[in-house]
Every structure is written in structure tokens, then in C-alpha cells.
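Shown next, in C-alpha cells, is the structure this report addresses.
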Amino acid sequence: YGNKIWQHSLSTGIIAKDLLNKSQNKSESAQGYLIGLICNLGDMIIYQLLIEAFSFVHPDCQPNSFAFKDLMFKNSKKITYYIAKHWNFPSSIIDALALQVKLTKSSMLPSLFLKRPVACYIYEANLISELEMRFEKNEIDEVTLIESIDFLVFSDEAKQYINKRLKKESSSH
């Protein structure tokens, strides 16, 4: 599971860089890659702490995946933000990570894109990475993926990215 979190983080960074390179914010693509790469750092830390904690309990007591995911969902972004702040990252990175904590629904994207485009691209990249992973594991089909585009992402760059990936997938099958 730890490897999956890392792959998701790497994918988020790559997608964020790609989205920013295709936007009016090209100059922010390297920073977008870094933020995308670290925006799931809290997941990795929670996972590692839980693994360590469960090494001390009875083998019959294993982490419940729902409780585990709930813990990550509720705390991961905050942990990432506080770590970046503790490490004295530049304010532009800290601000983008702070917005990841506050961005709880895709419906918030339209009003935020004008003021905070980099943070919004990071949010979209994270969602796209999750969708791609679920699609590759056959947890969702192409129809569900296409339907997800309409209500999960806002930017044209994100929509084009997903459509391009779908065309690539269908041509390879």
C-alpha cells in the first residue's frame, strides 16, 4: 500500500506539471510538480505510523481499511500542510497546500481558479491520478471515467488530459 501511495504522489506531480505546462501558468510547472509530489505526504506518514503501531498489536487486530481511509481522508492534507510549514517551504507552496485542505468539493474550483490556479491544478491532478489508478485496476469503467470528468474537474487542461489518456488507452487495446 505504501508503494501505491508513492505511485499516486508521483503521478499527481507529473499530471500537475503537464496541466500547468498546457495552461497560461507554464512558468509554475516545476513548482506544480513539487507540490503534486508532496501533496499526499500526509498519507505516507499516516500509513507508516499505522504500520508501526500495528506491529505491536495482536495479529488478529489488523487495521480496518474503512477506518484507515477515513483517518487519511480527514487528516492527510492538514499533516502535509503543517510539515511544509515546519520545513519552511516558500509561501507559494504552503499556500497551495493550505488550499488543498480547504478544497473539499470540485464545485469550489470555478471561483478559485481565477485567484489560485496552481492550487486548483494540483487538486485536479490529484483527482485525475486517483481516477487513472481506479481505471487501470478496473474499479471503474470508461463510461464512469468520462462521466467523472464533467463533475470532478473544471479546467479545460484537465478535461483534455483525461480525453487524451482515454484515446491513448483505446488505441492500445
Rg to Rh quotient for the stretch 111-173, alpha carbon positions, Kirkwood Rh:
1.00
Can you give me the % of accessible surface on the chain that is carbon or sulfur? Probe 1.4 Å, all protein chains present, nothing else counted.
57
Leaving out ligands and nucleic acids, note down the accessible area per residue over the chain with a 1.4 angstrom probe, in whole Å².
59
Net charge contributed by nearby residues that have their C-beta within less than 13 Å of E139 (K/R +1, D/E -1):
-2
Using a 10 angstrom Cβ neighbour count of at most 14 plus a DSSP loop assignment to flag exposed chymotrypsin sites (Phe, Trp or Tyr not before Pro), which longest range of the chain is free of such sites?
88-173
Can you work out ³J(HN,Hα) from phi for every residue in the stretch 71-85, in order, using Karplus 6.51 cos²θ - 1.76 cosθ + 1.60 and θ = phi - 60°, giving whole Hz and x for Gly and Pro?
4, 5, 4, 6, 10, 4, 5, 5, 4, 4, 4, 5, 5, 4, 5
If I ignore ligands, DNA and RNA and count only protein heavy atoms, how much of S106 is accessible to a 1.4 Å probe, in Å² to the nearest 10?
20
Structure-based [θ]222 nm, the chain - -39500 (n - 2.57) summed over DSSP H runs of at least 4, per residue, nearest 500
-24500 deg cm²/dmol
Can you list the trypsin sites (Lys or Arg not before Pro) in the stretch 102-143 that are in a DSSP coil and have 14 or fewer other beta carbons within 10 angstrom?
K105, K115, K137
Where the Cα atoms of the stretch 69-173 are projected onto their three principal axes, how long is each span, largest first, in whole Å?
47, 31, 22
Once phi is turned into ³J(HN,Hα) by the Karplus curve 6.51 cos²θ - 1.76 cosθ + 1.60 with θ = phi - 60°, what whole-Hz value does each residue of the stretch 112-120 show in order, with x for glycine and proline?
8, 4, 5, 8, 9, x, 4, 4, 5
Show me, for the stretch 131-147, the HN-Hα J-couplings you get by feeding each phi into the Karplus relation (A = 6.51, B = -1.76, C = 1.60, θ = phi - 60°), rounded to Hz, glycine and proline as x.
4, 4, 4, 5, 5, 5, 8, 6, 7, 10, 9, 4, 4, 4, 4, 5, 5
Which of the GluC sites (Glu not before Pro) across the stretch 84-173 are loop residues per DSSP, with 16 or fewer other Cβ within 10 Å?
E139
Expected unfolding gain across S111-Q160 under the 0.36 nm per residue rule, minus the alpha-carbon gap, is 15.6 nm
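The values are calculated or read from the model by the stated rules, or taken from the named source; none is laboratory data. In this text the structure is predicted, and so the values were computed from the model without any measurement. Backbone-built Cβ (ideal geometry, glycine too); neighbour counts: all protein chains shown. Heads up: the accessible areas ignore ligands, DNA and RNA and are worked out on the full protein's heavy atoms, side chains in. Shrake-Rupley method; radii C 1.70, N 1.55, O 1.52, S 1.80 Å.
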